[in-house]
1. Taking segment 828-866, which residues are over 21 Å from Asn789 (Cβ atoms) and touching a His at 6+ places or on another chain (Cβ under 9 Å)?
2. Gly220 fails exactly one of the following numbered conditions: (1) closer than 22 Å to Ser289 by Cα; (2) small (Gly, Ala, Ser); (3) more than 39 Å from the chain's Cα centre (by Cα). What is the number of that condition?
3. Within segment 839-876, restricting attention to residues that are among the hydrophobic types (A, V, I, L, M, F, W, C) and more than 20 Å from Ile797 (Cα to Cα), which residue is surrounded by the fewest Cβ atoms within 10 Å (Cβ to Cβ)?
4. Among the residues of segment 491-511, what is the count of those that are among the small types (Gly, Ala, Ser) and at pLDDT 85 or above?
5. What about Asn890, is it surrounded by fewer than 19 Cβ atoms within 10 Å (Cβ to Cβ), among the polar types (S, T, N, Q) and closer than 30 Å to Ser204 by Cβ?
6. Given (1) among the aromatic types (Phe, Trp, Tyr); (2) crowded, with 17+ Cβ neighbours inside 10 Å; (3) within 22 Å of Leu122 (Cβ to Cβ), identify the lone condition not met by Phe148.
7. Does Ser289 fit the bill of being closer than 30 Å to Ala185 by Cβ and at pLDDT 95 or above?
8. Phe100 - would you say it is assigned by TED's automatic domain parsing to the domain that holds Ile53, touching a strand residue (DSSP E or B) at 6+ places or on another chain (Cβ under 7 Å) and either among the aromatic types (Phe, Trp, Tyr) or closer than 30 Å to Gly920 by Cβ (or both)?
Amino acid sequence: MLQYVLFLLGRNTINFKVYCIASLFFMACMEPVFSQCAGEDNNITICDKYDNILNRTYNLFANLNGTPDPGGTWSTTNSANLDALDTNSGIVDLWKINYFGEHQFTYTNNDCNESATVIITLGGYAGQDNTDGSANACGDSTVNLFSFLGSQIDDQVPDFNGIWEEDPDTETGLLNENFFNAEMAGPGEYKFTYTVPAVDICPSKQSTVFLEVHPAPDSGIPQNFVVCTTDDLSGYINLDLNDLLLGEDPNGEWTEESTNQIDNIADHTINVQEINNNFGYGSYNFTYSVLPTHPVCSESLTMVSIIILPVLSGNMEATNYCSGTDYGVTLNYGDSLLPAGLYQLEYRVNSSEGVQDIVTSIDLNNGIGVFSVSPVVVPINEIVQLDIIGIQGTMPEQDVCDEIMVQQVSFMVSSPSASAESICLNTDVTVQLTNILNTFGTLANGSHSIDYTLTNPENSITNSSIANINFVDGSASFNISAPNTGVSGAYTIDISIGNSFGIDCAIATGFQVIPEPENIDLQVIVDNNCNATSVDVFVDAPTLTDGSYTIDYEVIEQISQTTLIDNSINFIGGMAEYEIDIANLPDGDYSVILKSFQNDTTPCRLQFEFEIQENFAIGGIPEIIEAPTQQSFCLNNGTPTLEDISVNASGDISFFESNTDNAVLTITTPLVNGEDYYISSTNPDNNCVSQQRTRVQVTLLMTNTPTTTNTNLVLCGSENPTLADLNVVSSNEGSIIWYSSHLGGTMLDSNEILVDGQSYFATEQLNGFCESETRLEIIPNIINPPLPNLKRNELHICGLDNPTVNELINTEITIDGRIEWFDVVEGGEPLSASDLLKDNSTYYAQSYDIDSGCINSNRVPVTVDLNNCVPEEYGFFIPDGFSPNNDGKNDTFFIPNIEIIFPDFTLEIFNRYGNSLFKGDMDNLAWDGSEIGSSAAPNGIYFYIVTFNKEGYNPKQGRLYLNR
């Protein structure tokens, strides 16, 4: 007997082939022969994937033909389906595939290297109609029509690859795929249809949206009002703010924050004169707001600024200047009319060379600022006029009134001078004066007194006065007597002239007093001071006149002071050279003495007798030197010299630039960074020098005050900032050391937590000992926004209004502070004002500082209940019938919006015999017209009982008509 078995799963049909074999002896039917590894292909059509909840866990493996082996993996040709497919188990969520048409899934078993494919053809789903007036849009946006299609069941969404069309009666041409330009269309009612075509055996489906576009409010275009704080504002004591708007909607409301000029919602006039009197210069903002006619639109706001500009008012102070100095002008300004800060100043110089305008910078603080006049625009010996013609704030940026109320100032630049020639010791010096002005500012003529101060090379000061010096065309001369020039070197003279033009600088000059000429150069050169074998005598006297001269020399044994050798050298001017024979002297310490007696006519010579002595040893012992080879010095403690180098030696030490250089450096020679210095030690008794010079390399350290790009650093308290977070750097890549005070104080650890408004002082330290003298002061501004202050922690509103996060912002839940909203207690991204609220969800308010961006990481929760709906306000009604004929229209009986208005409701349907056919609640909203056992209920009258389970609403019973 041949049997056929048909398995039906929902609307899915699987076709099986049966193979039969006949023979003379038997007839048998064989099941289909499949691969025993990956199975065989299958084609499945599902017209309505939402009819069966099992389609959310659709088992592809179970729908392979044949007898596949488990353990393989699944793949799909459409990457959009990857989110719906579990590639290991073969379970696919068809509810997540929102595109009608053919979808291919392939099973691969690597054990046998075979594959089989399941092709699922999905019918389209167009969503549910939205024709009850709940589709609304604002006339200032483009809307996504998919947002108006929905389902009574979560996660049931329309397919995305259908076609949107405008109804011919309301066609605009402004529909682009699923986006409708409501802004260009303007207010009105528009009808759209969304169609998914027929697929295989699945019929086409269509849904309809009735969209109402509401007019957007318009608060107008602002026109700011600008005046100066010194203007006569009596004409603006009743300034109408409406006059400062263009194109605004009427019946808006003006608000403001600081001037108390707006008294009520109808007030739109302000007193600008009173604002200036009470608050002075500044920008004062007034906001015009227009509410929308429908909650789908947002409130429109326009800000108008009343700008009262500060004014530069005051005077300037300028002296008469000496040419080549800094022409500094002091500006005294009214600090109540102009804020402190860095400004760009434009001034004008008026002279015989014309009018010249110059721009410079000036720092104004506490009513005073100083700027320098460019010497290029100021002629010599002429009174010029200086005016300020413009000013503009740069740090911070600050507009300033064009009116400048600063008095003009006049001054003169002059170039008086004095000169003097060099002289010999104890000689009169003549001082020449030129370009001297009289009290009228012209070149001096006639008699003037002179006061002068003479400073000699030893910084000794002499003050003198000379009366009745005669000037001709600004020039004159006077003498300083010889008793005042007894020291050779550079002299300075500071001069003041009576009855001359007032000049804010001194007249000064200088001269040189030449010392007597160099003496005859006598030299004794010992080949080896420690163990001498020869002594050479050299005489260098190029300034001697021609003639015969005698140089006497002696060699004396130091201990006994016995003269062992006594002789003379005769020569005629110029130079002489002679060797002293010491070959027969025994070991010991000796002195060789050279004496010269001369008389020549060289100018300024005063000394004619010279004597030198050179000590040496025969069989002596060299000196020993000990010194660190690397030595560092801090320039902040003064300029170090050779005297500061650490050396341990018993004799007299000498410093040289190199290991072979014979020029001894003076002990006051300043040290040079990175330079090598070579040290020798000499026994003064015999001039015995150390055998080797000791090398010392010096490093000069110079610390600078640390720098920062922002001395008023703003940091967030929530991040627990420390000293290490301050942007302080060392220009020398040294260490930053922190202190608690400007001088002295406690050294602070870099991990110390910062305190708002407290001063911290930083120094730069090099090599662990060289530290900058000046400390950089940093006063951090630690921002700790206060916790949000909430009126309540619950918000009860109606979900039918599609409330957004904007409800949290506009229902005055917050009392003060800047707030961001989140849907998690920690982390996450701030919610947009347009994000829809979810029922029975908790949202968290987080305060932040708008200027710095700092937050208070502690968030305050608010729970949202979306079931606070008044039925009468939303047209709540219970239908009296339905037609479950599967035509896609009115196929089920359900009460619109009952799950939102009465979330705890129960619904029960009875037939005429009182038998219960259906029980509904939040999880089972609609009756599809079937009786218990899934048989279709016949046409006729049925009865319902609705229990609202909400205070103030009694259960309601009624009847309905079922008509297929």
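The values are calculated or read from the model by the stated rules, or taken from the named source; none is laboratory data. Keep in mind that what you see is a predicted model, and the values were worked out from it rather than measured. For neighbour counting, all protein chains shown are included, and Cβ atoms are generated from backbone atoms with ideal geometry for every residue, glycine included.
1. Asp865, Leu866
2. In the conditions (1) closer than 22 Å to Ser289 by Cα; (2) small (Gly, Ala, Ser); (3) more than 39 Å from the chain's Cα centre (by Cα), Gly220 misses (3) alone.
3. Ile850
4. 4
5. When the stated conditions are applied, Asn890 passes them.
6. (3)
7. yes
8. Against the criterion (assigned by TED's automatic domain parsing to the domain that holds Ile53, touching a strand residue (DSSP E or B) at 6+ places or on another chain (Cβ under 7 Å) and either among the aromatic types (Phe, Trp, Tyr) or closer than 30 Å to Gly920 by Cβ (or both)), Phe100 qualifies.
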